[in-house]
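Taking it in order: structure first as structure tokens, then the write-up.
The values are calculated or read from the model by the stated rules, or taken from the named source; none is laboratory data. Keep in mind that what you see is a predicted model, and the values were worked out from it rather than measured. As a convention, Cβ positions derive from the backbone with ideal geometry for all residues, glycine included, and neighbour counts pool all protein chains shown.
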Amino acid sequence: MSKSSLISLLTKSFSKEQAIRELKWIKNELPENKWLNACNLRSNYVPLQYILGNQPFGKLDLICREGVLIPRLDTEEWVIESSKVLKDVKINGVLDYCTGSGCIGLSYASELNQVSIVDCVDFKDDAIILTNDNYKRNKDSILCDVRVSKGDLFDSYIPNDQIYNTHTNNNLLVSNPPYIPLKDLHTDEVEKSVLKYEPREALLGDLEFYEALCENILLKNNSFNGFIFELGYNSQVIKVRELLNPEIWSMGIRNDSNGKLRNVIGWKKQSSFNVLQKIVHKEIL
């Protein structure tokens with residue numbers, strides 16, 4: 001099938017500029033006998049990462065499969081940015097909750113050589129299997145021990161060892177939980193391909209996840225001295241601020257490269273995680 005015919009297939013759903021760009025990716029990643037099927041799938045809004053089966057993320061080449069959220073550039077941006085300021089901090093454990101593909105935890109494990117262990121936790125079997133596969137695929141890039149375990153944030157699950165139960169340890173909690181409220185799930189802000197094909201349970205959520213991260217993890221385990229949460233709404237920032245004592249925790253927000261609210265970041269006063277202040281755009285009093 002000719003190039004123009006393939007582009008015509010893609011322009012049924014996308015602009016010509018995007019169609020040309022995506023056809024180039026398809027041709028680069030797949031053999032010629034798979035181009036037509038890939039364009040048919042994409043014209044029906046199947047995410048390109050599911051079609052190609054992979055997504056680069058920092059130093060990693062991550063496998064992507066249906067049933068698990070696709071790693072986003074917005075997430076990669078803050079993980080790499082925070083890794084640069086954390087590179088000299090001695091960290092006992094990084095706990096990545098709602099790990100999905102493992103993109104956050106595994107990326108930290110590939111970027112930070114002062115970390116003893118990274119724990120990737122999710123409640124979904126599909127996510128656990130994919131994170132394990134991504135760990136194996138990228139093992140040559142990993143600088144520390146990595147564990148992948150199944151656990152539910154709302155049950156206060158935490159890996160059972162002294163890393164997180166010893167108050168003298170210096171641990172970091174990171175999470176990209178579901179944060180799109182139901183009222184906003186079917187708006188123009190959420191792409192059609194995301195709604196049709198990516199798992200709803202990885203998208204739909206709100207304040208309850210930030211309450212659980214604070215109450216079930218940070219406040220129950222005194223060894224956590226820093227956190228980075230991805231989010232999308234100021235109400236979620238306010239909820240985290242309400243739950244954490246401002247005499248103990250300093251906090252700020254970070255906007256992404258498009259100027260959109262993306263993270264709430266916190267560190268205990270006088271802890272080595274105060275370097276996170278360097279990526280904060282506005283501190284919260």
message: What's the total number of residues in segment 157-188 that are under 21 Å from the mean Cα position of the chain (by Cα), part of a loop (DSSP other than H, G, I, E, B) and touching a residue at least 40 places away in the same chain (Cβ under 8 Å)?
response: 7
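Given the condition touching a Ser or Thr at 6+ places or on another chain (Cβ under 7 Å), surrounded by fewer than 16 Cβ atoms within 10 Å (Cβ to Cβ) and either within 28 Å of Trp267 (Cβ to Cβ) or at pLDDT below 95 (or both), answer yes or no: does some residue in segment 167-189 qualify?
Going through segment 167-189, the residues touching a Ser or Thr at 6+ places or on another chain (Cβ under 7 Å) turn out to be 167, 169-171, 176.
If we keep only those that are surrounded by fewer than 16 Cβ atoms within 10 Å (Cβ to Cβ) too, we end up with 167.
Then keep just the ones that are either within 28 Å of Trp267 (Cβ to Cβ) or at pLDDT below 95 (or both); that gives 167.
Yes; the residues of segment 167-189 include at least one that is touching a Ser or Thr at 6+ places or on another chain (Cβ under 7 Å), surrounded by fewer than 16 Cβ atoms within 10 Å (Cβ to Cβ) and either within 28 Å of Trp267 (Cβ to Cβ) or at pLDDT below 95 (or both).
Do you know which residues across segment 270-284 are over 14 Å from Asn169 (Cα atoms) and in contact (Cβ under 8 Å) with a residue 24 or more places away in the chain?
Asn274, Val275, Leu276, Gln277, Lys278, Ile279, Val280, His281, Lys282, Glu283, Ile284
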- prompt: Is there a residue in segment 225-242 that is under 20 Å from Lys124 (Cβ atoms) and touching an Asp or Glu at 6+ places or on another chain (Cβ under 9 Å)?
  reply: yes
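From the set of residues in segment 190-206 that are exposed (fewer than 15 other Cβ atoms within 10 Å of the Cβ) and among the aliphatic types (A, V, I, L, M), which is nearest to Val94 (Cα to Cα)? Let's see the steps before the verdict.
Quick first cut of segment 190-206, residues exposed (fewer than 15 other Cβ atoms within 10 Å of the Cβ) only: 190-192, 195-196, 200-201, 204.
From what is left, the residues that are among the aliphatic types (A, V, I, L, M) are 190, 195, 204.
Working: Val190: 30, Leu195: 31, Leu204: 25 Å.
Top of the filtered list is Leu204.
If we only count helices (runs of 4 or more DSSP H) wholly inside segment 58-156, which ones have 3 or more residues that are surrounded by 22 or more Cβ atoms within 10 Å (Cβ to Cβ) and out of contact with any helix residue (DSSP H, G or I) (no Cβ under 7 Å at 6 or more places or on another chain)? Step through it out loud before you land on a result.
On the way: elements: 73-86, 103-111, 125-137.
Result: 125-137.
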statement: Taking segment 143-170 and keeping residues in contact with a strand residue (DSSP E or B) (Cβ under 9 Å, 6 or more places away or on another chain), among the hydrophobic types (A, V, I, L, M, F, W, C) and under 30 Å from Arg200 (Cα atoms) leaves Val146, Val148, Leu153, Ile158
task: Return yes when Glu22 is assigned to a helix (DSSP H, G or I) and buried (at least 19 other Cβ atoms within 10 Å of the Cβ) and no when it is not.
output: yes
- prompt: Can you name the condition, by its number, that Gly266 falls short on among (1) farther than 28 Å from Asn160 by Cα; (2) within 18 Å of the chain's Cα centre (by Cα)?
  reply: (1)
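Please work out if Glu215 is closer than 22 Å to Asn92 by Cα and out of contact with any strand residue (DSSP E or B) (no Cβ under 7 Å at 6 or more places or on another chain). Spell out the reasoning first.
On the way: closer than 22 Å to Asn92 by Cα: yes; out of contact with any strand residue (DSSP E or B) (no Cβ under 7 Å at 6 or more places or on another chain): yes.
Spelling it out, Glu215 is indeed closer than 22 Å to Asn92 by Cα and out of contact with any strand residue (DSSP E or B) (no Cβ under 7 Å at 6 or more places or on another chain).
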- prompt: Leu231 versus (1) closer than 30 Å to Glu66 by Cα; (2) of a type outside the set (Ser, Thr, Tyr); (3) touching a residue at least 60 places away in the same chain (Cβ under 8 Å): which is the lone unmet condition?
  reply: (3)
- prompt: Only one of (1) over 17 Å from the mean Cα position of the chain (by Cα); (2) assigned to a loop (DSSP other than H, G, I, E, B) is not met by Gly232, so which one is it?
  reply: (1)
Filter result (in contact with a Lys or Arg (Cβ under 9 Å, 6 or more places away or on another chain) and over 27 Å from Tyr135 (Cα atoms)) within segment 28-60: Trp35, Ser43, Asn44, Tyr45
- request: Examine segment 50-60 for a residue that is touching a strand residue (DSSP E or B) at 6+ places or on another chain (Cβ under 8 Å), more than 18 Å from Gly226 (Cα to Cα) and without any contact (Cβ under 8 Å) to a residue 12 or more places away in the chain, and state whether such a residue exists.
  value: yes
